[in-house]
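Below: one structure, written as structure tokens.
Computed from the coordinates by the stated procedures, all read-outs in this text should not be read as laboratory data. These figures come from a predicted structure and were not determined experimentally. Neighbour counts run over all protein chains shown; Cβ positions are idealised from the backbone, glycine included.
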Amino acid sequence: MIQKKICMVGVFGTGKTCLVQQFVHSIFSVKYLSTVGVKIDRKEVQVGDQTVTLMLWDLEGRDGTHDVSPSYIRGAHGLIYVVDGTRRETLDQLHEIREMVRGAVGEIPSVVAVNKIDLVEEWKLTDADEAAVQSRGLQHFRTSAKTGAGVEETFKWLAEATLGKAEA
Amino acid sequence: MQAIDSFGLTDKGNVRPSNQDNFLIVDIHRSVDIRHSSLSADALANRFGSADAHLFVVADGVGGGPGGDQASEGAIAALLKYVSETVGCFNRLESSKEHDLFERLEETVRDVDQSLREEHAGKRGPAPATTLTMVLLIWPRAYLVHVGDSRAYVRRRGRLQQMTRDQTIGEYMISMGAWTEEQAARARPAAALSSAIGGTELHPVVGLVDLEPGDSIMLCTDGLTKHVANDRIETLMEQPEDVQAVTRNLVSEALAAGGSDNVAVIVVTARK
């Protein structure tokens, strides 16, 4: 059986936990509860004729008092950087977080989930912002943990990427 | 080796006729028996005396029936058996082995759940059930397995954070947006467990946190948290070095505030 460790990283409150809950349990919680340490879930996905078990490490978000912990990321096969499309600073911090993560695990398959697309009126990112993400060599998907839009595609793409089968 | 201080206490409270809460604190050692050696006693001193891992568990038997105590006791005993057989040989787990550990711990929880159901088959009424909140500490990593409405907290640099979420109908309805906090407070079924070992649903949650010297972990059953709010718990844990005093103070506070339920508390502190 193929097992892949996938880490969810990003600033606090971007929706990392909600994305995992939507992907694994098809539910969306309206109550915000910050993650302490790491919460671990798993889900099997089918990539071609292979079944891959994704071990989803939902890391506590970066905030003013602590950074993303390299010790949680070591051994990861893939990363989902989560950005909140209604908070521009979460995109600005993405690149700092990425540098730290690269230092811990090197270059591994990664994808950016630009989350909360259901909040259209509060959206702060431009097409140019998202193009800039792409230009840095990062695949990105617009997601909504609330409606489920783009969620399955994001995890599936990363699962394929960890097996070297994703399309850019 | 990091020094770990810990203390546990349980009390039946002021109302309940018996205590169905249980707790367990275990130091797990690698078994080394030096029969004969040319090394000096000094060279060997303290090499094998420290624990390699520590297990902390609280469990709250559900329902008040005679099976509740057996359920919480049985769940802890089964976990202890698994952990003592398999975990003592690990110092630091690699990521793939960590996933195996989580799966095995979850399996153990499911096995206990199954055995409780089988023992109860053919008998009247709901099967005995229990909550279970467990931390396996292989320094610095604390692995958590959680079922029900007992809780685990981490205290770091004076700030208390709740690691677990109560698996109750009320919490579920609030998180789904179906109830407000006020509605949940008024609704009778709000305190019913949405997940328990031996219950109608079982959804173990697993996680981990890396500790630092000076950090504390507190595990407790709802006999504490239904009477003592998180900010008050934070205050009572201001001197976590004295684990005995903190544990006693937490239990005393719950009793003084009514003691309507059994209570079990474990306080663990990593020395600075």
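The ranking of A:SER71, B:SER175, A:SER110 by Cβ neighbour count inside 10 Å, starting from the fewest, reads A:SER71, B:SER175, A:SER110. Pull out a ≥ b ≥ c, the square roots of the eigenvalues of the alpha-carbon gyration tensor of segment B:113-272, then state rounded if a/c is under 1.5, prolate if not and a/b is larger than b/c, and oblate in the remaining case. Prolate shape, in that a/c is at least 1.5 and a/b is the bigger ratio. Rounded to the nearest 20, the size of the Cβ-charge dipole of the protein assembly as shown about its Cα centre is 200 debye, with Lys and Arg at +1 and Asp and Glu at -1. The Cα-based radius of gyration of segment A:2-162, divided by its Kirkwood radius, gives an Rg/Rh of 0.93. Taking the number of Cβ atoms within 10 Å of each Cβ as an exposure proxy, the fewest-first ranking of A:VAL83, A:VAL24 is A:VAL24, A:VAL83.
Place a point 7 Å from Cα of A:ILE2 in the direction of its Cβ. Which residues in segment A:101-116 have their backbone N less than 15 Å from it? What the label zone holds, given the 15 Å backbone N cut-off, is A:109-110.
Amide H to amide H, with H built 1.01 Å from N, B:ASP210 comes under 5 Å of B:ALA142, counting only residues 5 or more places away or on other chains.
Applying 1/(1 + (r/R0)^6) with R0 = 41 Å to the Cβ-Cβ distance of A:SER71 and B:ARG124 gives a FRET efficiency near 0.20.
Rounded to the nearest 500, the 222 nm mean residue ellipticity of chain A from helices alone is -8500 deg cm²/dmol, with -39,500 (n - 2.57) taken per DSSP H run of at least 4 residues. Note on the protein assembly as shown: Kirkwood hydrodynamic radius from all Cα pairs is 23.2 Å, rounded to one decimal.
Multiplying each eigenvalue of the alpha-carbon gyration tensor of chain B by 5 and taking the square root yields semi-axes of 33, 23, 17 Å, largest first, rounded to whole angstroms. Kindly identify segment A:1-86 as rounded, prolate or oblate by the Cα gyration tensor criterion: order the square roots of the eigenvalues as a ≥ b ≥ c, call it rounded if a/c is under 1.5, otherwise compare a/b with b/c, prolate if a/b is larger, else oblate. Oblate shape, in that a/c is at least 1.5 and b/c is the bigger or equal ratio. Neighbouring Cβ atoms from other chains, within 10 Å of the Cβ of residues in A:70-76, number 3 on average.
Just name one of B:GLY122, A:TYR72, A:GLY10: the one whose Cα is farthest towards the positive end of the charge dipole of the protein assembly as shown (beta-carbon charges, Lys/Arg +1, Asp/Glu -1). Of the candidates, B:GLY122 comes out farthest on the positive side. Under the convention that each Lys and Arg Cβ holds +1 and each Asp and Glu Cβ holds -1, the size of the dipole of chain A around its Cα centre is about 420 debye.
Remark: B:THR180, B:THR269, A:THR86 ranked as B:THR180, A:THR86, B:THR269, counting other beta-carbon atoms within 10 Å and listing the fewest first.
Taking amide H as placed 1.01 Å from N in the peptide plane, B:ALA192 has its amide H under 5 Å from the amide H of B:ILE169, B:GLY170, each at least 5 places away in sequence or on another chain. In summary, the helical segments of chain B meeting the span-like criteria, namely a full DSSP H run, a Cα extent along the axis of 27 angstrom or more and a mean Kyte-Doolittle hydropathy of at least -1.0, are B:67-86.
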